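The values are calculated or read from the model by the stated rules, or taken from the named source; none is laboratory data. Model, not experiment: these values are computed from the prediction. Glycine gets a Cβ as well: all are built from the backbone with ideal geometry, and neighbour counts include every protein chain shown. Each accessible area value is taken on the protein alone, full model and side chains, heavy atoms only, with ligands, DNA and RNA left out. Shrake-Rupley method; radii C 1.70, N 1.55, O 1.52, S 1.80 Å.
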Amino acid sequence: MTCFYCKGEMEETTTTHVEEIGECVIVIKHVPCYKCKKCGEIAYTGSVIKRLEEITEQLEKSLTEVAIVNYSVA
């Protein structure tokens, strides 16, 4: 896979995804991704994006200020 921004080589790895929704901060650890070796840009597959949206929707309903979850367990 080639980086959209710098055309560098992307490698499969994991990352920590952080999202702010209103007053809630959601941290999802160990998210599968592709990361550019040159510029560090992160890219997700469609299935990972869908799962991140599902996790985020579930945590939004919990009305907590900060939520930290592991991608594979959530």
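Of note:
- Residue in the range 16-28 that is touching a Gly at 6+ places or on another chain (Cβ under 7 Å), in a strand (DSSP E or B) and not aromatic (Phe, Trp, Tyr) present: no
- Within the range 50-74, tally of residues that are hydroxyl-bearing (Ser, Thr, Tyr) and either open to solvent by less than 30 Å² (accessible area, probe 1.4 Å) or touching a Pro at 6+ places or on another chain (Cβ under 6 Å) (or both): 1
- Given (1) in contact (Cβ under 8 Å) with a residue 12 or more places away in the chain; (2) among the β-branched types (Val, Ile, Thr); (3) within 19 Å of Ser72 (Cβ to Cβ), number of the condition Val18 does not satisfy: (1)
- In the range 26-46, the residues that are under 22 Å from Lys7 (Cβ atoms) and modelled with pLDDT of 95 or more reach residues that are among the small types (Gly, Ala, Ser) and part of a strand (DSSP E or B) with C-beta atoms within less than 9 angstrom, at least six apart or across chains, in these pairs: Cys33/Ala43; Tyr34/Ala43; Lys35/Ala43; Cys36/Ala43.
- In the range 1-49, the qualifying residues are those that are more than 18 Å from Glu65 (Cβ to Cβ) and small (Gly, Ala, Ser), and the one that is most open to solvent (accessible area, probe 1.4 Å) is Ser47.
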